[in-house]
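The values are calculated or read from the model by the stated rules, or taken from the named source; none is laboratory data. Nothing here was measured: the structure is a model prediction, and the numbers come from that model. Backbone-built Cβ (ideal geometry, glycine too); neighbour counts: all protein chains shown. Only protein heavy atoms, including side chains, enter the accessible area calculation; ligands, DNA and RNA are left aside. Shrake-Rupley method; radii C 1.70, N 1.55, O 1.52, S 1.80 Å.
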Amino acid sequence: MKRDLQCTIDAHIAENLEAFETLLQKDRNTIVEEALRAYFLRAEELLHTQGEDENALTNLSYDEFWDGLDIG
């Protein structure tokens with residue numbers, strides 16, 4: 001399913017897009033779609049890695065965490 005979306009990009013990005021249309025001989029919609037797909041894949045990888053990092057910080061069991069703590 002395709003949808004029309006409107007967005008605004010700065011002049012520098014627009015110039016790069018126009019240049020890559022010529023260099024790659026692709027239309028701008030294809031270039032933007034490929035770029036967004038790559039961005040989303042990378043973002044998902046980063047989110048997954050971030051979740052692993054947070055889990056690594058909390059890998060102690062309940063007993064290990066509270067071992068040696070004297071509340072009194």
Just one of (1) loosely packed, with under 10 Cβ neighbours inside 10 Å; (2) at pLDDT below 95 trips up G51, so point out which.
(1)
Taking I13 and the conditions (1) open to solvent by 90 Å² or more (accessible area, probe 1.4 Å); (2) of a type outside the set (G, A, S); (3) part of a helix (DSSP H, G or I), which numbered condition does it fall short on, given that it satisfies the others?
(1)
With the structure loaded, tell me whether L5 is at pLDDT below 90, within 24 Å of the chain's Cα centre (by Cα) and not aromatic (F, W, Y) or whether it fails that test.
yes
